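Following: one structure in structure tokens, then a few remarks.
The values are calculated or read from the model by the stated rules, or taken from the named source; none is laboratory data. Quick caveat, the model's predicted, so the values are computed rather than measured. Using ideal geometry, Cβ is built from the backbone for each residue, glycine included, and neighbour counts are taken over all protein chains shown. Just so you know, the surface numbers come from the protein's heavy atoms only, side chains and all, with ligands and any DNA or RNA stripped out. Shrake-Rupley method; radii C 1.70, N 1.55, O 1.52, S 1.80 Å.
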Amino acid sequence: MHKISIIGFGNKLMGDDGIGIVVIEELRKEYKIGQAFRLSKNIEIIDGGTNGFGIIEMIRDKEKVVIV
């Protein structure tokens, strides 16, 4: 199980409201990995899109969460 999650939220169609998604896309480019990926065994990167209500499931059982 991943203990740390980095989650990007936003909508790129709404200008600067999409910064979380842009950050996640840049991480994908840097590490050349798909939709949800790991930087290590304990770190998970998630594109949260505009699903703010789904955050509860995304952060359940995590020790640390970074939300962009």
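Observations
Each row is one residue, and each column tells you yes or no for (1) surrounded by 17 or more Cβ atoms within 10 Å (Cβ to Cβ); (2) of a type outside the set (Gly, Ala, Ser); (3) at pLDDT 85 or above; (4) at positive phi.
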{"site": "Phe9", "(1), (2), (3), (4)": "yes, yes, yes, no"}
{"site": "Lys32", "(1), (2), (3), (4)": "no, yes, no, yes"}
{"site": "Gln35", "(1), (2), (3), (4)": "no, yes, no, no"}
{"site": "Arg38", "(1), (2), (3), (4)": "no, yes, no, no"}
{"site": "Ile46", "(1), (2), (3), (4)": "yes, yes, yes, no"}
{"site": "Gly54", "(1), (2), (3), (4)": "no, no, no, no"}
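- Every condition in (1) assigned to a helix (DSSP H, G or I); (2) open to solvent by less than 70 Å² (accessible area, probe 1.4 Å); (3) modelled with pLDDT of 85 or more; (4) of a type outside the set (S, T, N, Q) holds for Gly15 except the one numbered (3).
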